[in-house]
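Below: the structure, in structure tokens.
The values are calculated or read from the model by the stated rules, or taken from the named source; none is laboratory data. Computed from a predicted model, the values in this text were never measured in an experiment. Virtual Cβ from ideal backbone geometry, glycine too; neighbours counted across all protein chains shown.
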């Protein structure tokens, strides 16, 4: 009784994403599927669950072949999947989402409302969200959505669970719920394929590992047999994330002064200042007002009454993203749906802010290529559509764009979301250089506290729209544990 | 809680608008509710009210049906042609329902299975259907059986039979709206990719939505036939645009997944009433379209904006109360 | 990321599909009727194509702007323009400049109204432009009632059916329009911003593109270009009536999409639209040459349109 992927190959146009990869998952086994960006692990997960067809090779679920490219069939065979980009439909309620694939019926065609509600209740209870079954999914918070996604995957009682980057957007307490359900699933004789970039989580949940690199299987075996250094190397990077011991002169003059901010509706107003040459992180539990602050600074959100922001003393035209971009604030988000012009070429993507604004000389191809090289971006020519690249490489191109702009302020919203360790390091190096060498004020958020602690010079921890802690690298108060304990303490006290 | 569900319902603004239009119409022409008058406007609108339900099915799956007008017309002239060939009424009805299902299946196959863009695919089929319609009958004429026409233009206990028939249509729609299929269609329309990833057979669902839309097109064509009593290749052509306008005013989103058939009917009632009012207050026929157009455009803007505002308000209440309960529990 | 650039050789010829389709239609036309390839018929087809291409220029911009962008008011604007030129300019040339200024400005204003509905009221373009077209048709009806249409004067007529060194003026205008539109889309700031907005409006906003300005400009330009097409149509038909422009709404959409512009926006070119217009016109011409009645012509052009759509523009899976 195993889930077997046998000799899987898959091409995307001219690019070979997977090359003769095989793996198997037995009862009680949680296998890590690990690799860098574009290594093919998401493709593999999608083939296993019937979303994508394999160019060559086959998928066997307990010796029965997955004959068609059909998530419905994979589901019927006993494979459940949680999607990194979610499979929930925002306009429907949580309960409706849970029964979609297998709607309880009366007379064969009418929706059995009571049965549907009972089924949804039972499924959501497992993730502790039974009370939310009447709420539309688009109104849920990020972590809640991922828990619902998990409940939905478990709903069909799959024997094999494919988990694609589920935990990266979850908060610690939510990860605990996941851990419990996963243990239950494995103890009942189920198998799981766990796709993730995060080494600590791989170590915690998995017992075996398959490592992909450029679409080829490079290692397979017990997770205990491999060292973290090897994993990082396999992910495509040459170097680990070495912290520069001494830094360039920190914290220049105050560049951004924000007063009267109301990060959450109804919260007391707060004042914040960001200095040039400093990387400031904004941490805390999800949805505590981080988004409002960043989006306000980028002009992507209208100001609430009383909010005022100055850049080097000059008032910002809040709510006007074009004007704010022209004033020298660059915004990068890890949500590529709202950053990337997928159909257009890499060159056009890089030039977009210059096309948008008057009076800035358009970077030529040499400048674009130089910026891309700085980030070790892999591409097949800058006149190709950016949509053909892996997510991580698209993300690097977006960050490289900041390099061309040479902005006064960079607002980076979870900008390394879902990209591999090596790429993440490249992005970190660049952000540091922009701050410490070019003197930009950098304001970052991340769903990963480890990243915040490593990257930032200073971290503000938010809770309920208020700054509850300010941690600083210079004062040696900043590490991931300090961030977590700051907001957890708040959580427990409340 | 219950109240919020009422005013945040996508059809609420259309309902308000339809009631306002009705009140205004009555103040202009109090005779509007006399049996004779009701027979007049219900028989002239029955086809549109039914056709808008077909359009709603197409829109719900993130499609659109530009062939509604041509489809209703084809059913109309084909039915008259069969009557003239001596077919019995029941036979014609069955044949026309099958014709409607076939039209829907053709649209559905092009869109669901061949993955053509719905706007262009149904535009193309509308040409084919219009061609067939004109081939069968290029000018108004012919006649439907007297008994059926008399029935449709009659009244029972003072209520026009056309309205009673429409109540049956609404009951039929009630089954559609309560079906498991409807939920799956909403999911498919709201987000086709995620619906497919969730294991829904989205292509088949889309095809089915057009087949069912074809059924309502056929019903509409039959109603037109029995209400008008003759075959007219051009009578129902405006239905294409009127059903879209009615459905959108009624809160059905062109983006798929939201709205309801009842709302769409309310929207269609509003659209129909506006023309009747314009005639009722003695607007010159030359000015009628301009005035009706301005009213519709304003109504559309108001309804859609109001609908969104109400929904946002309701949503913020939901999230705020979630925030507060979280605070209280803490 | 390993192997690269093994594209099919035919893929490297831009618009290979459209060009192949045109070749096929020409061969089919020759088989049906030897006079299909006569210079007279070809100039006639090209004139009609040029007219359709000009009418489709605005549609192309709007569809490129993405976000469900579509302009269903093109036909109504063409009708209104034709009627107004007819009514205002009469049969002389004196009033033509003023008339043109008025109708072009009016076209742009109507387009701007569309843009405002789309951008500020955040309504679906299909709904806004449909509603506006209904109003414009009403306006045309009122106008036609007060100013009965006349015959065009010599200037308008020569634009419609006259020739310039043996080439129909319509074709000359179409060619100039092609060059201008291509320059506009490829080399101006507006053109490049349009592709960005069409490809991803949120990303465009974040990059600092003045999205509102781009959208309003696009719809206004579409109205203006539809008005230009209305003037040409009036000259070509040499009379104006209330339904003269109506077919153009869907024809412009078909030409644009057949020409390879994605209905989802952000990719496509005007050259493609021109080829799409030629294909559409060749099909109509071929069906007339076959001597079919209007009913069958409708039915067959519908079927051919389905086939062309199937060949050129299936939605991505």
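Annotations
- Looking only at the range B:142-172, and only at residues there that are on the phi > 0 side of the Ramachandran plot and surrounded by fewer than 16 Cβ atoms within 10 Å (Cβ to Cβ), the one that is modelled with the highest pLDDT: B:157
- Among the candidates B:99, B:130, B:134, residue that is part of a helix (DSSP H, G or I) and more than 7 Å from every other protein chain (Cβ to nearest Cβ): B:99
- Checked against the criterion of being buried (at least 22 other Cβ atoms within 10 Å of the Cβ), at pLDDT 90 or above and at negative phi, the range A:34-43 has no qualifying residue.
- Check on residue B:196, over 19 Å from the mean Cα position of the chain (by Cα), without any contact (Cβ under 8 Å) to a residue 24 or more places away in the chain, away from every other protein chain (no Cβ under 14 Å) and more than 25 Å from residue C:255 (Cα to Cα): no
- Where residue B:229 falls short, out of the listed (1) within 14 Å of chain A (Cβ to nearest Cβ); (2) touching a residue at least 24 places away in the same chain (Cβ under 8 Å); (3) at positive phi: (1)
- Pairing each residue of the range C:135-146 that is within 7 Å of another protein chain (Cβ to nearest Cβ) with any residue that is at pLDDT below 90 and not in a helix (DSSP H, G or I), provided the two are 6+ apart or on different chains, yields C-beta distances under 8 Å for C:137/C:242; C:141/C:242.
- Qualifying residue in the range B:268-291 (condition: in contact (Cβ under 8 Å) with a residue 24 or more places away in the chain, more than 27 Å from residue B:96 (Cβ to Cβ) and under 14 Å from the mean Cα position of the chain (by Cα)): yes
- Checked against (1) within 14 Å of chain C (Cβ to nearest Cβ); (2) surrounded by fewer than 18 Cβ atoms within 10 Å (Cβ to Cβ); (3) modelled with pLDDT under 90, residue B:123 passes all but condition (2).
- Boolean, residue A:174 is buried (at least 18 other Cβ atoms within 10 Å of the Cβ), within 14 Å of chain B (Cβ to nearest Cβ) and assigned to a helix (DSSP H, G or I): no
- Extreme residue, farthest from the other protein chains (Cβ to nearest Cβ), among residues of the range B:248-274 that are part of a loop (DSSP other than H, G, I, E, B) and surrounded by fewer than 23 Cβ atoms within 10 Å (Cβ to Cβ): B:260
- Inspection of the range C:285-308 finds no residue satisfying the criterion of being within 14 Å of another protein chain (Cβ to nearest Cβ), in a loop (DSSP other than H, G, I, E, B) and under 12 Å from the mean Cα position of the chain (by Cα).
- Among the conditions (1) within 14 Å of chain C (Cβ to nearest Cβ); (2) part of a helix (DSSP H, G or I), the only one that residue B:139 does not satisfy is (2).
- Count of the range C:144-161 residues, restricted to those that are surrounded by 14 or more Cβ atoms within 10 Å (Cβ to Cβ) and over 30 Å from residue B:288 (Cα atoms), is 8.
- When residue C:125 is tested against (1) surrounded by 15 or more Cβ atoms within 10 Å (Cβ to Cβ); (2) farther than 30 Å from residue A:330 by Cβ; (3) more than 14 Å from chain B (Cβ to nearest Cβ); (4) at pLDDT 90 or above, only condition (3) is not met.
- One residue from A:371, A:356, A:367 being without any contact (Cβ under 8 Å) to a residue 40 or more places away in the chain, under 21 Å from residue A:328 (Cα atoms), within 13 Å of chain C (Cβ to nearest Cβ) and touching a helix residue (DSSP H, G or I) at 6+ places or on another chain (Cβ under 8 Å): A:356
- Counting only strands (runs of 3 or more DSSP E) wholly contained in the range A:251-345, the ones carrying 1 or more residues that are out of contact with any helix residue (DSSP H, G or I) (no Cβ under 8 Å at 6 or more places or on another chain) and assigned by TED's automatic domain parsing to the domain that holds residue A:405 occupy A:254-261, A:270-275, A:279-284, A:308-311.
- Candidates C:216, C:126: the one that is over 30 Å from residue C:43 (Cα atoms) and free of Cβ contacts under 8 Å to residues at least 60 places away in the same chain is C:126.
- Qualifying position, being within 17 Å of the chain's Cα centre (by Cα), modelled with pLDDT under 95, assigned to a loop (DSSP other than H, G, I, E, B) and under 22 Å from residue C:257 (Cα atoms), among B:66, B:116: B:66
- Restricting C:217, C:252 to those that are crowded, with 18+ Cβ neighbours inside 10 Å, within 30 Å of residue C:91 (Cβ to Cβ) and more than 9 Å from every other protein chain (Cβ to nearest Cβ) reduces the list to C:252.
- Taking (1) over 15 Å from residue B:73 (Cβ atoms); (2) free of Cβ contacts under 8 Å to residues at least 60 places away in the same chain in turn, residue B:109 satisfies each apart from (2).
- Boolean, residue A:394 is modelled with pLDDT under 90 and within 12 Å of another protein chain (Cβ to nearest Cβ): yes
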